[in-house]
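The next block holds one structure in the form of structure tokens; read it before the comments.
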Amino acid sequence: MNDMDKGRRNARILALCQALYVCAISVDLTLTSITGYQLAPDKFLATLPFALITVGAAVVTVFAAFIIERLGRRIGFALGALCGAAGGLVSVWSIVHGNFWLFCLGTAGVGAFQGFAQFFAIAAADSVPKDYKSRAISTVLAGGVIAAIVGPVLASKAKDIAFDTVFAGSYLLVAALAVMSALIFLLFYRDVDMVDAQSKGEDRAARPLRAIAGQPIFVAGVATTMAASATMLIVMTASPLAAVACGFSIDDGASIIQWHLFGMFAPSLFAGRLVARFGVMRMLCVGTVLMACCVAIATSSETLLAFHLALLALGVGWNIMIVCGTTLLAQSYRANERGKAQALSGLLGNIAATFATLTSGAVLEGFGWSILNLLVLPPLAVCLLLVLRWRGTSRATFGEGIA
């Protein structure tokens, strides 16, 4: 089996592990705010466990990149999954014993799993030639399609199956899914060299991080992933609370999240091919238009249908922007620069995501649902400007560090 075949095989394995990860994280997305509300000594702290998922991912991201660089992706991804398993088990213990602060530690452990999982797509991209990168990224993200639908259902069905304590069974499921992911990586995943690395100057010394980060293609890629993550999370985090405030039930809120998750991952079945055919610039415009559609729908109506349509558009827009941004990032560095480049891009993305998650509730409470959605527009505008800047420079030279 040559490296190309191994790369495609790894993409399918990563898609399976992406499905397990999305299934596990969707349990947390569905139940953590409710569980936090039940356990919190002060209801003001109810969303802290949810926010710590993102914070945990942000803290772990830099370490994850260098662990992966040093130990290889097979071992690194398995360690990340075991962090998720530990977080799930700690969450179970804390729920059974009514310990809010330990529950926060458990969700941070799941966040560490997320910190490693965000490298799944870039791992697939690094394993295949340039023309196949966007398809490989799309293949991995497609692994979350069924999981996005099944996860919230499993979260609800499993909540009463263990220890005679509500929600303990759901977080036990998180641990089990993470263990399965770790085993798959250890048994079936194989590390491969970065494709095309030799032809792109692997024998040359690695450039300083400032030189890599100063490339318009790197800036455009980071801006795209940061804008996609921040705008998606600020709206998604607030949407169940906004729906309940509008008189809808908790089950309605869960349904909104379910359709949002479907929107996040279903386009992966075709987004990579669309990016390969029409190019990053055109598809990025499609993604930003869909994000803007979310804003238009959310600010014009507060019916249940409007919530579903807005969050569905938000999810689809996020998916397309992530595929575009990751495709750009994968072409901005050489193989011997991979660790520090991915660490920086992951850290910046998680900082944006953490800020959005932590401020979402306060913005909703202080300014309302419509204003919160309007805040999506400025980051999207900045992203488009930076991508246009890259496109202008790429006509002269398409990035010295393309992999």
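The values are calculated or read from the model by the stated rules, or taken from the named source; none is laboratory data. Given the structure is predicted, the values throughout are model-derived calculations rather than measurements. Cβ atoms come from the backbone with ideal geometry, glycine included; neighbour counts cover every protein chain shown.
General remarks:
- Test result for L314, more than 19 Å from the chain's Cα centre (by Cα), assigned by TED's automatic domain parsing to the domain that holds I257 and under 21 Å from A242 (Cα atoms): no
- Flag if F218 is modelled with pLDDT of 90 or more, hydrophobic (A, V, I, L, M, F, W, C) and either under 30 Å from R9 (Cα atoms) or not in a loop (DSSP other than H, G, I, E, B) (or both): yes
- Within the range 58-72, residues that are under 17 Å from A335 (Cα atoms) have Cβ atoms under 7 Å from residues that are modelled with pLDDT under 85 and polar (S, T, N, Q) in these pairs: A65/Q342, counting only partners at least 6 apart in sequence or on another chain.
- Residue in the range 268-280 that is within 27 Å of V363 (Cα to Cα), assigned to a helix (DSSP H, G or I) and not polar (S, T, N, Q) present: no
- Where helices (runs of 4 or more DSSP H) sit wholly within the range 1-118, those with at least 1 residues that are over 24 Å from I149 (Cβ atoms) and of a type in the set (D, E) occupy 3-39, 48-71.
- Only one entry in D131, D193 is farther than 25 Å from H260 by Cβ, in a loop (DSSP other than H, G, I, E, B), at pLDDT below 75 and not small (G, A, S), namely D193.
- Out of A362, A306, one residue alone is without any contact (Cβ under 8 Å) to a residue 40 or more places away in the chain and closer than 20 Å to F50 by Cβ. It is A362.
- Scanning the range 136-151 for residues that are crowded, with 24+ Cβ neighbours inside 10 Å, in a helix (DSSP H, G or I) and not hydrophobic (A, V, I, L, M, F, W, C) gives S138, G144, G151.
- Filtered residues of the range 152-165 (kept if surrounded by fewer than 17 Cβ atoms within 10 Å (Cβ to Cβ) and either touching a residue at least 40 places away in the same chain (Cβ under 8 Å) or outside any loop (DSSP other than H, G, I, E, B) (or both)): V153, S156, K157, F163, T165
- Among the residues of the range 173-188, those that are surrounded by fewer than 20 Cβ atoms within 10 Å (Cβ to Cβ) and touching a helix residue (DSSP H, G or I) at 6+ places or on another chain (Cβ under 9 Å) comprise A176, V179, M180, L183, I184, L186, F188.
- Any chance G247 is buried (at least 20 other Cβ atoms within 10 Å of the Cβ) and either in the same structural domain as T32 (by TED's automatic domain parsing) or farther than 20 Å from V153 by Cβ (or both): no
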